[in-house]
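Below you'll find the structure, written out as structure tokens, and then a few comments.
The values are calculated or read from the model by the stated rules, or taken from the named source; none is laboratory data. Owing to the predicted nature of the structure, the values given are computational and were not obtained by experimental measurement. Methodologically, a virtual Cβ is constructed for each residue, glycine included, from the backbone with ideal geometry; neighbour enumeration extends over all protein chains shown. In case anyone asks, the SASA skips ligands and DNA or RNA and just uses the protein heavy atoms, side chains included. Shrake-Rupley method; radii C 1.70, N 1.55, O 1.52, S 1.80 Å.
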Amino acid sequence: MHPRSIASFLHLFLFTACGAWTPPPAGALADTSTSSGTTVETSSTTGSTTWPSLTDWLAPPSDLGLPEPATTTFGTGSDGPVLTDTGDSATIDLSALRITEVFADPDGKDGGATSPEFVEIAHVGASALTLGGLVVTARSWPELWMGDLGIGGELLLPGERLLLERYASAADLPVPAILREGEVLRAAFADSGGLRNDDGAVALRDQDGNPGDAVLYGALQPAPFDEPALWTGDAVPSPGAGESLCRPDATVDSDSAADWSACTPSPGQLHSEPDETTGEAPLPTTLAIVEVLSNPPGPAILEKHAEFVEIENLGPGTVDLASFTLADAIDPEAPGVDPLLYLGGDGGCAPVTCLAPGRKALLVGSLYEGPVGDALVLKTDDNALANAGLGHTEAVVLRDDQGELRSSYRVWPDPLAAPDPATQEEALVRVAPEAPDAPESWVFAAPSPGV
């Protein structure tokens with residue numbers, strides 16, 4: 001008999017022999033000295049462009065371990081029991097999921113009744129995802145299979161977030177342990193093992209072992225978190241007690257510490273700072289580099305007259321680009337960092353450097369002579385983009401006035417990977433504004449600045 005079958009049998013035997021467990025009343029104090037390690041079930045087209053002529057029902061097993069291939073289990077979804085696949089038949093698009101917040105060291109007892117640890121995951125893709133194929137690994141949590149948590153049959157829609165909360169004792173679990181609140185799906189579980197406070201890692205993978213998003217903090221980590229495909233460079237500095245690690249822009253994924261910063265815990269919410277003038281939190285804004293032309297048609301000597309970077313405001317708030325910078329390397333201190341100055345056009349809001357949701361901005365050198373469409377146009381403080389113009393395989397990095405990375409292009413482990421702009425005199429266009437910055441997210445197309 002498979003270990004999972006044995007665990008299920010023992011669970012059912014104990015459930016029958018000892019009677020059903022009754023959760024404590026909401027708000028009741030509980031003994032947190034032990035932990036069961038279990039969960040509780042719950043209810044372009046590009047127009048023609050003219051260029052210038054230039055001169056579950058049963059509680060899940062307690063081990064939370066590796067399921068037997070091609071097995072089917074009952075999970076408990078937000079609308080009742082659902083049939084979930086935890087075997088080879090379930091698949092999931094890992095590129096559409098981003099870890100957006102990790103809270104490893106709450107004030108008070110880690111995993112206490114009022115101080116759970118949590119990991120937040122955002123859906124940044126364009127299509128609904130069934131969570132059955134997702135596995136979350138973290139030091140020193142148990143390996144979490146969504147079917148074991150009772151959410152294998154749940155759908156996560158674009159823009160929604162999954163919040164996984166760890167409690168030290170089953171007596172402290174909220175009732176219900178699985179709950180949808182607006183755009184947030186919360187799943188709570190109990191286990192004695194908590195996230196490492198000073199040096200740890202969280203990573204996503206599918207049931208076949210394919211890696212997804214990851215974050216390493218405090219120090220570089222041992223296997224399986226030492227794969228080059230998961231992370232580049234140093235780990236993110238550990239946050240202080242009571243602080244989270246947050247990814248300010250869920251669309252940015254350079255697999256490096258540049259994507260992350262310490263923040264106030266905000267489970268299930270986009271992280272934002274209060275507006276100093278009103279005291280209210282501004283609407284969050286997601287920006288995306290959507291088109292880059294680094295190898296324009298014509299002789300190389302004239303390239304700086306036609307190079308551009310196009311960005312789009314994905315909303316929901318407006319953003320002032322006045323103090324943003326553009327660079328050709330991920331290092332915040334890299335040479336060639338350019339401030340952005342107003343040149344022309346209209347971003348749909350005030351001041352003149354403001355970009356409204358759904359609008360595009362064109363970032364160019366001061367010698368630019370190409371078309372601009374209906375975009376807001378911002379220029380660098382010299383005659384070319386970045387450091388004397390864009391190299392064919394150079395990165396493009398957009399940072400805000402706080403130095404936070406807001407979007408990137410070609411920040412890949414292998415910057416020489418295809419598609420290579422040196423092979424075609426065309427622009428590279430992001431297949432979808434919310435797509436990750438990875439080689440498969442960029443395709444060649446005729447330049448369409450401002451369209």
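Tabulated values for the structure
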read-out: Accessible-area composition of region 163-204, carbon plus sulfur, in percent [1.4 Å probe]; value: 42
read-out: Most to least packed among 195-202, 246-253 [average Cβ atoms within 10 Å]; value: 246-253, 195-202
read-out: Reach of LYS360 by Cα under 28 Å, taken over lysines that are not fewer than 8 positions away in the same chain; value: LYS304, LYS379
read-out: Accessible area per residue, Å², region 332-371 with all protein chains present, probe 1.4 Å; value: 44
read-out: Hz values of 3J(HN,Hα) by residue in region 223-229 - Karplus curve (6.51, -1.76, 1.60), Gly and Pro given as x; value: 4, x, 8, 9, 5, x, 6
read-out: Contour excess over end-to-end distance, with Cα ends at ALA128 and ALA334 and 0.36 nm allotted per residue; value: 70.3 nm
read-out: Amide proton proximity set for GLY111, modelled H, under 5 Å, gap of 5+; value: GLU117
read-out: Simple spin-label estimate for SER366 and SER192 in nanometres, 7 Å along Cα-Cβ; value: 6.8
read-out: Region 194-245: translational diffusion in µm²/s, Stokes-Einstein, Kirkwood Rh over Cα pairs, 10 °C, 1.306 mPa s; value: 137
